[in-house]
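> Let me give you the structure first, and then I'll get to my questions.
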Amino acid sequence: MPRLAVLASGSGSNFEALARALEPTEHECVLLVCDRAGAGAFERAVRLGVPARHVSYAGRPRAEAEAEIESLLAGAGADLVALAGFLRLLSPDFVRRRAGRILNVHPALLPAYPGLDALRRAWDAGEEVFGATIHRVDEGMDTGPVLRQGKLRRRPGESFEDLEARVHALEHDLYCRTVLELLGELSRGGPRGDRP
């Protein structure tokens, strides 16, 4: 059965949502890779029983760190890779090796607000409609083909923190549904990344 691996940098809430979504299925989350030694995602991995590894980028070329990540992914037999708050831009070579098999979740309605702090930038710009995007990773920053988007409106008097919580919940829902669908397609011998 197709296997999922997750790359994360932070608290790992999307990682946990994905791992839990796979529990009642035939699929498995086989690996968490973090580029930050103290990432909260490690604690979640321990609770969930998912093997977790730290790959440092500090003081080494990106290609070297990515080679280590690729080795871990290959060793775990990962078929699909989900970025969950992974704050590194993957190199074109890395993306090409797993073309169509790397997904990302972004807290904005792409193509608007790519990059870091997207939700805060949309809030500061006075937007009324917010959302989340699940997309395939290509060689650019948040430029890959969109697979799914969800929208929500700012509520009267809503704080940024309340909106952020709603966007996170939306991310979890969209990401889990998308990953489960793609793993299902892979298990049936379906598209291997060649459809948007």
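> Name the residues in the range 48-69 that are more than 21 Å from His27 (Cβ to Cβ) and of a type outside the set (A, V, I, L, M), would you?
Hits for the range 48-69 are His54, Ser56, Tyr57, Gly59, Arg60, Pro61, Arg62, Glu64, Glu66, Glu68.
> Would you mind finding the one in Pro92, Pro24 that is more than 26 Å from Gly115 (Cβ to Cβ), over 16 Å from the mean Cα position of the chain (by Cα) and exposed (fewer than 14 other Cβ atoms within 10 Å of the Cβ)?
Within the list Pro92, Pro24, the selection yields Pro24.
> So, one more: Looking only at the range 145-177, which residues are surrounded by 14 or more Cβ atoms within 10 Å (Cβ to Cβ) and closer than 23 Å to Val95 by Cα?
Val146, Leu147, Arg148, Gln149, Glu171, Leu174, Tyr175, Cys176, Arg177
> Condition first: over 23 Å from Phe15 (Cβ atoms), in a loop (DSSP other than H, G, I, E, B) and not acidic (Asp, Glu). Now tell me which residues in the range 120-142 satisfy that.
Those that are over 23 Å from Phe15 (Cβ atoms), in a loop (DSSP other than H, G, I, E, B) and not acidic (Asp, Glu): Ala125, Gly126, Gly140.
> With the range 1-119 as the region, which helices (runs of 4 or more DSSP H) entirely inside it contain at least 1 residues that are hydroxyl-bearing (Ser, Thr, Tyr) and modelled with pLDDT of 95 or more?
So the answer is 13-22, 62-76.
> While we're looking at this one, here's another question. Mind counting the residues in the range 73-88 that are out of contact with any Gly (no Cβ under 8 Å at 6 or more places or on another chain) and crowded, with 18+ Cβ neighbours inside 10 Å? So that I can check it myself, show each step before the final result.
Within the range 73-88, the subset out of contact with any Gly (no Cβ under 8 Å at 6 or more places or on another chain) is 73-83, 86, 88.
Filter once more, so that each one left must be crowded, with 18+ Cβ neighbours inside 10 Å: 73, 76, 78-83, 86.
Summing the residues that are out of contact with any Gly (no Cβ under 8 Å at 6 or more places or on another chain) and crowded, with 18+ Cβ neighbours inside 10 Å in the range 73-88 gives 9.
> What's the total number of residues in the range 33-52 that are farther than 21 Å from Glu66 by Cα and touching a helix residue (DSSP H, G or I) at 6+ places or on another chain (Cβ under 6 Å)?
Total meeting the criteria: 2.
> I'm trying to understand the selection: among the residues of the range 143-158, which are outside any loop (DSSP other than H, G, I, E, B) and of a type outside the set (Lys, Arg)?
Listed by number, the residues that qualify are Val146, Leu147, Gln149, Gly150, Leu152.
> Restricting the range 182-191 to residues that are over 21 Å from Val95 (Cβ atoms) and assigned to a helix (DSSP H, G or I), which is farthest from the chain's Cα centre (by Cα)?
The qualifying residue farthest from the chain's Cα centre (by Cα) is Ser187.
The values are calculated or read from the model by the stated rules, or taken from the named source; none is laboratory data. Values in this document were obtained by computation on a predicted structure and should not be read as measured data. Cβ atoms come from the backbone with ideal geometry, glycine included; neighbour counts cover every protein chain shown.
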